[in-house]
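One structure is given below, encoded as structure tokens.
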Amino acid sequence: KSCLECLASKLLTKENKISSLDLAQTKVDADCARKFISIPNLKYLRLFNNNLGDGDFFDSTTASLIASSDIKVLDLCGNNGTNLERFLSTLLEIYKNRSEQKYGKSSLETLELGANTISE
């Protein structure tokens, strides 16, 4: 396990008091990034410049995790994400059709996606 995976595992408990986490340029991979998104009580997560766009990070699984998370501000800038239309439309659909039983109350207020490619 990498030290980032260990950190994510430790923070996945309800007792964790961390509300803000900056993981910019840490080479966190998609699976580990999803764990960080799932951390209870986390309000701010910065995943800037981790090349998450190279794999399957920007998918419906991640969109669902974001929608059910406690995160208010999520920075995904500079991850070389391409063709984010499907990811964004999935996330938008979840928010438009959400039922509080499945996802709980919406927390996300700011999603930062600068320096990723969003085609028209």
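The values are calculated or read from the model by the stated rules, or taken from the named source; none is laboratory data. From a predicted model like this one, the values you see are computed outputs, not experimental measurements. So basically every Cβ, Gly included, is an ideal-geometry build from the backbone, and we count neighbours across all protein chains shown. Remember, those area values only see protein heavy atoms, side chains included, never the ligands or the DNA or RNA. Shrake-Rupley method; radii C 1.70, N 1.55, O 1.52, S 1.80 Å.
Taking amide hydrogens as modeled 1.01 Å from N in the peptide plane, which residues meet the under 5 Å criterion relative to Leu42, leaving out close sequence neighbours?
Those lying under 5 Å, H to H, from Leu42 are Asp70.
Could you give each residue of segment 18-25 its phi-based ³J(HN,Hα) in whole Hz, using Karplus coefficients 6.51, -1.76, 1.60 with θ = phi - 60°, and x for Gly or Pro?
So the Karplus estimates, Gly and Pro as x, are 5, 10, 9, 9, 10, 10, 4, 6 Hz.
Would you calculate the separation in nanometres between label points at Thr117 and Asp31, each defined as 7 Å from the Cα along the Cα-to-beta-carbon direction?
2.7
What is the total of Lys pairs in the chain with C-alpha atoms under 19 Å apart, excluding same-chain pairs fewer than 8 positions apart?
Within the chain, the lysine pair count is 24.
Just need log10 I(q)/I(0) for the chain at q = 0.16, 0.22 Å⁻¹, Debye formula, equal scatterers on the alpha-carbon atoms, no solvent, rounded to two decimals.
With one equal scatterer per Cα and no solvent, log10 I(q)/I(0) is -0.72, -1.37.
For q values of 0.30 Å⁻¹, compute log₁₀ I(q)/I(0) with the Debye formula on a Cα-only model of segment 29-83, without solvent.
-1.38
Hey, any idea what % of segment 1-75's accessible area is carbon plus sulfur with a 1.4 Å probe?
On the way: 1900 of 3760 Å².
Its accessible area is 50 percent carbon and sulfur atoms.
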